[in-house]
Amino acid sequence: MITKLGQKFTDGFTKYMPSAYVFALLLTLLTFVLALVFTDHQPINILQGWYDGFWSLLSFGMQIVLIIITAYCIAQSSPVKKGIDYITKYIKTPTQVYVIIIALGALLSLISFGMVVVTAILGRELALRIKGIHYPFLVACVYFSFNGWVCGLSSSIALLLNTENNFLIQEGILNDTISTSYTLGATLNIAMIVLFVVVSPLLIWLLIPKTHEGKELKDLQTSLDNETHSVKDEALSYKLPYKALSDALNNAGWLQLTVAALGLTYIIYHFATKGFDLNFNIMIFIFFVVGMLLHITPMRYSIAMKRASSNISGVLFQYPFYAGIMGIMLASGLGEKITNTLVTIATTENYAFISYLSGGIINFAIPSAGGEFAVIGPSILNMVQELSTNLSPTEVTAMTARASMSVAYGESLSNLLQPFFLLIVFPVMGKGIKIQARDVVGYLFIPFVVLFVVQALMVTYLPY
């Protein structure tokens, strides 16, 4: 019954949900109209905010592009392909693939949400090797698996609260930083990790489609590009039929490995001096260096990078539109107004749920945890201050942490229906096939509903 219900939702999303780009355009228009109707700002001011916002996520967009292509580049190396071949000896059935991808992806996401690229690479490679895999459902599994990043080391809001002199302290909303022991180390967050790593695979197991006919990767592929040949073979094909200095340099392993050694030295220094500070930049740098070490020569690395970069157009041109939506929300104050409306009904019993709901709603327009919290964070924390006037400082800190993490949980969950971050998965799993958000999101609707109910109860009633 659950599988049939899931298929009905999938068919509905396939019929009615537009592409991720059209979704961004519709959200742009909707946000613009809402800003006109519900705020006092003039149209030209809202347009100015949209234009200014267009460029606000360029550095973040570039980080996303680099983490995709560097991770995919690593996956094309001979050692990694041999490792995946070894893993597939122990994974025999599609069901095992779905469940392992969810559990492993959830664990990797606790390191960084960018690790979803690694999960996507493994998922695609398994789909190439194991028969009977329903590929769109597998893409949904990969996307679903990164939902738990909000509980881990790259949790933007938790890290922000623990950052010295953050904007909340500068604006007088917080008096001091909040330790991650109140956020990532809280009982609520540990329970959320169990939900993602243990319960989610069981939920996905109940929703596995009954048939894979016409949905395997080989059925969907429209082109194989040139990846039927190894990177090493393609590198050899560029060689001249006679000895040449240019070929010697292009294939000089010593040259690339020497530069990689310099990079490795800095990575060791970084963690030795800063602890386990795994931010986006150092993660990308690690991927760069590991790729250089695995591919050995400049020519092989260049070919792997070229292949990895061939399907990232969605990221490049759609990110600015979402940044523009964030610009409208900031310039008009629409995001703050929506949050303030919800906050007016908050009590000491439901404040965490109000925070959770606010995070989920605003995320559709601002699918970036840090950007979203910049918009609604002050209202949420002011709400906590008003509700906790007679409490001790420790209790106020605990309430603040709970409300903030509830925003993060809501933001993360609504990504299941917001196709923004599918742009990270599609360059890897969509390579050589025709696939859109509508082919994937339908499989996530029931998990979204189930997790919404479970998480709402957890943030409201679970001891912190």
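Odds and ends about this structure:
- Counting 0.36 nm for each residue step from Leu30 to Thr265 and taking away their Cα separation leaves a gain of 79.7 nm.
- Overall, the chain carries a charge dipole of about 1820 debye about its Cα centre when +1 sits on the Cβ of Lys and Arg and -1 on the Cβ of Asp and Glu, all other atoms neutral.
- Residues of the chain were split at every exposed loop site, defined as trypsin sites (Lys or Arg not before Pro) in a DSSP loop with at most 13 other C-beta atoms within 10 angstrom, and the longest piece left, sites excluded, is 244-433.
- Dipole axis of the chain (+1 Lys, Arg; -1 Asp, Glu on Cβ), positive-most option in Gly333, Ala304, Thr187: Ala304
- Against the chain, whose longest principal axis comes from its Cα atoms, helix 20-38 is set at around 20 degrees.
- The stretch 126-241: projected area of the alpha-carbon convex hull, averaged over directions, in nm²: 13.6
- Dividing the Cα radius of gyration of the stretch 335-421 by 2.2 N^0.38 Å, with N the residue count, gives 1.04.
- Positive dipole terminus of the chain, leading residue within Thr258, Asn147, Thr397 (C-beta point charges): Thr258
- The C-alpha atoms of the stretch 184-271 occupy a region whose extents along the principal axes are 61, 48, 13 Å, arranged from largest to smallest.
- Both radii come from the Cα set of the stretch 86-126: Rg as radius of gyration, Rh as Kirkwood radius; their ratio Rg/Rh reads 0.98.
- P(r) histogram, all alpha-carbon pairs of the stretch 37-187 included - 10 Å bins from 0, percent: 10, 26, 27, 21, 12, 4, 0
- For the residues Leu357, Leu249, a 1.4 Å probe over the protein chains yields an accessible-area ranking, largest first, of Leu249, Leu357.
- Histogrammed with a bin width of 5 Å, the alpha carbon distances of the stretch 11-61 distribute as 4, 16, 19, 21, 16, 11, 9, 3, 0 percent, first bin at zero.
- Rolling a 1.4 angstrom probe over the protein heavy atoms with all chains in place gives the chain an accessible area of 44 Å² per residue.
- For the stretch 279-425, convex hull volume per residue from C-alpha positions, Å³: 131
- A Cβ-based charge dipole, computed about the Cα centre of the stretch 182-276 with Lys and Arg at +1 and Asp and Glu at -1, lands at about 320 debye.
- Taking 7 Å steps out from each Cα toward its Cβ at Ser310 and Trp254 produces label points 3.4 nm apart.
- Potential lengthening of the chain between Gln385 and Gln96 amounts to 99.3 nm, from the contour at 0.36 nm per residue minus the alpha-carbon distance.
- Relative to its residue count, the stretch 1-101 spans a Cα convex hull of 173 Å³ per residue.
- Helix-only CD estimate at 222 nm, as mean residue ellipticity for the chain, using -39500 (n - 2.57) per DSSP H run (n ≥ 4): -21500 deg cm²/dmol
- Normalised by the number of residues in the chain, the mean separation of alpha-carbon contacts (under 8 Å, six or more apart) gives a relative contact order of 30 percent.
- Directionally averaged projected area (convex hull, Cα atoms, the stretch 243-295), nm²: 3.9
- Expressed per residue, the C-alpha convex hull volume of the stretch 422-464 stands at 86 Å³.
- Ligands, DNA and RNA left out, the accessible area of the chain computed with a 1.4 Å probe is 66% carbon and sulfur.
- Measuring nothing but how far apart in sequence close Cα pairs (under 8 Å, 6+ apart) lie, relative to its length, the stretch 242-322 scores a relative contact order of 41 percent.
- Pairs of Lys in the stretch 204-359 closer than 25 Å at Cα, counting only those 8 or more apart or on different chains: 6
- Added length on full extension, which subtracts the Cα-Cα distance from 0.36 nm per residue, Asn45 to Ser19: 6.5 nm
- Positive-pole candidate from Phe23, Gln42, Ile435, dipole of the chain, charges at beta carbon: Ile435
- Given +1 at the Cβ of Lys and Arg, -1 at the Cβ of Asp and Glu and no other charges, the dipole of the stretch 369-464 around its Cα centre is 420 debye to the nearest 20.
- For the chain, the longest principal axis of the C-alpha atoms and the axis of helix 78-88 are separated by about 70°.
The values are calculated or read from the model by the stated rules, or taken from the named source; none is laboratory data. Bear in mind the structure is a predicted one, so any value in this text is a computation, not a measurement. Backbone-built Cβ (ideal geometry, glycine too); neighbour counts: all protein chains shown. When the accessible area is computed, the model is the full protein with side chains, heavy atoms only, and any ligands, DNA or RNA have been set aside. Shrake-Rupley method; radii C 1.70, N 1.55, O 1.52, S 1.80 Å.
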